[in-house]
Structures are given as structure tokens and as C-alpha cells.
Amino acid sequence: MNFKRKLPIPVEIKEMYPMTAEMEKCKQERDAEIRKIFTGEDDRIALIIGPCSADNEDSVIDYITRLREVQEKVKDKILIIPRIYTNKPRTTGDGYKGMLHQPDPSGHSDMLRGIISIRSIHLRAIRETGFTCADEMLYPENYRYLSDLLSYVAIGARSVENQQHRLTASGLDIPVGMKNPTSGDISVMMNSIIAAQHPHTFLYRGWEVESTGNPLAHAILRGYVDSRGNSMSNYHYEDINSLYDIYMEKGLANKGVIIDTNHANSGKKYLEQIRIAKEVLHSCQYSDHIRQLVKGFMIESYIEDGAQKIGENIYGKSITDPCLGWEKTERLILDLADIR
């Protein structure tokens, strides 16, 4: 390893790029709203929606500003939590790793610029739109750079079995979604949820820390890949009903699931997200247990349909997984509100 430079610790970055009192108040209010959805006090659905990866600050903020206008139209049925995913897991280690690594997708890795960039984009989202957002906790030790800004955290299919992710999640006071692993083994996801809901003592960023447990830790069903590499879905009525039964067997006080409409659930056919979300809401109408369990959806969406290669420079088009374009996204959100 070549130790290039010592990076500022999170408290130093927060002092350089601080929250205002108004922004702190906004986050407190948003967190309280979101918490009620995951505790069952609020019957609205959460919509964790946005680009597969936040690759460009201006286009991401443009997209989120559009979400703000739609939020007002559906506020009685849906609470929108924009995705600003600033670090991306790569199965083979190759490819664009997100804004944290590469603030300029065409440039070289620069972690210091990356840390500043991801904090800046989340700050700008709150300042300009009033939205506090979601991000993936790919690296538990980096969470503290954004800990005062985020209102939702996802732990990915490749990280859900990792002990440090589980322990860190147990010390958060916001909802943390645990995805089922790429193998589809639901027991791995449930073990992660149980671990996150319990208190722990562990090593974190050079400190011995104690966590109190996070009752808002919950499941994310994202589909899986079978032994032959085929995408298999797990969002159907039977899948969700089975998950409810498992929750009951485990005796967890707080139960919830977010349905990821893309990834293996859609076979990465991004247009299928529309059908999948509607199918799940119809399932909710047939079962009180499913309606109680389903807290919302995770949807990959941007300004333009599909995906592009790095360097094509099409404004608002994903450079990682294909996403729903804006017109389809707006129509879907309005349709989901009508069905709900």
C-alpha cells in the first residue's frame, strides 16, 4: 500500500462544510416523518428514488428539484426520499466507483475531493429542495462524513453479511435497509436485521463505541441470482407473505420491507420497475399483513431513460445501471399515489 496522505477526520470536514440551523431543523422534521412510516404510525409509503449513481451535482439537483414539485401533489400518500448514491459497489472492482472516488467520472480517483463533493451535494439538496436524502453505506467508516445529513441508509447485497456494517447500523438513529444477498438467502438478511436491532460494543474509527440498537433496521428485497447466473425475483405476493411469517417467527417488534424494483427483481430491465411497483401495491390490497409489512419502494430513476457510457456526456442519463426517465417517473409516482 502507498499511503498517499492523511485525510481530514469527519468532524473537520463538517466544520468546513457545516449545516445551518434551518437545515438542522429540516432534518429533524424529516427524520420524524420518515420514522413514523417505519414504525407504522404513518400509513404512507416511502419512495426511495433517484439515479443509480450520483455522477453530476447539477443534474442530480435538477432531478431532485423536479421531485419536490411532485411531492406536493402526492404528500398525502407518498413520502419521497431522494437517492443520492455517492459510492458504488463493483462486483469485479472495475468501473466507476462513485463520486466519493471520482468527483469527475472521467478523471482519476481523488478521495479528498470526493469527500468534499459528496458532502456538498447532500448539503445542496437540503438547502435548495428541503429534501434530506438516502445514500448507500458501502464503507462504514465513511458514514460519519454524512451522518448529520442522511435520513436513510441502505446496506447492499454484497455488504449485508459483513459484521462491521451490521454493528455500525446498530448505532444509527435513522432507518437502515438491509438487502438480501445476491444468493437470495433470506436468513442472511434477517440475521443482519436482528444484529442491527440489538446493542453492541465494537471498534469504530479508532474508538471503542457502544450502540443502543436500531429498531428501524428492516429488509430490502432486491431479487437474487441463481446458480446459473439467472436473475430471480422475490417481490411477489408469496415472497412478501413468507417474509412476514419469518419476521413473526423471529419475534422482532418492528417489521418492515422496502421492495427494490430494479436489480435482479427486474433483471435490470428498468422499464419493468413500473409494473413491479404497481403489482406490489395490488398485493397490499389483498393482504393486511403485506400492507403492514411493505413500507415502500426503491426505484432507479433519472432525467433521461436508460444508461450511457462515461464520456458520452448526455445530461441526466445514468452512467451505471439504466434508469427510468423523468416523464415515466412522474407518471409512476402519480399512479402509485392513486393506487395507494
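Derivation of every value follows stated rules applied to the coordinates shown; laboratory data play no part. This is a predicted model, so every value here is computed, not measured. Don't worry about glycine lacking a Cβ; one is built from the backbone with ideal geometry, like all the others, and counts go over all protein chains shown.
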query = Is region 35-180 best put as rounded, prolate or oblate by its Cα gyration tensor, with a ≥ b ≥ c the root eigenvalues, rounded for a/c under 1.5, and otherwise prolate when a/b is larger than b/c, oblate when not?
reply = oblate
query = In what sequence do Lys97, Lys36 fall when counting other Cβ within 10 Å, fewest first?
reply = Lys36, Lys97
message = If you scale each eigenvalue of the Cα gyration tensor by 5 and take the root, what three semi-axes come out for region 257-340, rounded to whole angstrom and sorted largest first?
response = 27, 13, 8
key: R0 of 22 Å, Cβ-Cβ distance Asp94-Asn162: FRET efficiency to nearest 0.05   = 0.60
key: Added length on full extension, which subtracts the Cα-Cα distance from 0.36 nm per residue, Lys268 to Asp338   = 22.6 nm
ask   = Past the 19 Å Cα-Cα mark, which pairs from Lys75/Lys255; Lys269/Lys328; Lys179/Lys255; Lys268/Lys317?
value = Lys75/Lys255
message = Ignoring everything except DSSP H segments at least 4 long, calculate the 222 nm mean residue ellipticity for the chain; use -39,500 (n - 2.57) per segment, divide by total residues, nearest 500.
response = -12000 deg cm²/dmol
task = Once you have the Cα-Cα distance between Ala32 and Arg113, take 0.36 nm times their residue separation minus that, and quote the gain in nm to one decimal.
result = 26.0 nm
inquiry  = Taking every pair of distinct Cα atoms and averaging 1/r, then inverting, what Kirkwood hydrodynamic radius in Å comes out for region 10-339?
reply    = 19.8
note = With a Förster distance of 30 angstrom and the Cβ-Cβ distance between His236 and Phe202, calculated FRET efficiency to the nearest 0.05 equals 0.20
inquiry  = Using Cβ contacts closer than 10 Å as the measure, can you line up Thr132, Thr92 from fewest to most?
reply    = Thr92, Thr132
task = Please say if region 100-183 is rounded, prolate or oblate, where rounded means a/c under 1.5 for a ≥ b ≥ c the square roots of the C-alpha gyration tensor eigenvalues, and otherwise the choice is prolate for a/b larger than b/c and oblate otherwise?
result = oblate
query = Tell me, what is the FRET efficiency for Asp245 and Glu128 to the nearest 0.05, using R0 = 41 angstrom and their Cβ-Cβ distance as r?
reply = 0.40
note = The exposure ranking of Val153, Val11, Val60, Val74, fewest beta-carbon neighbours within 10 Å first, is Val11, Val74, Val153, Val60
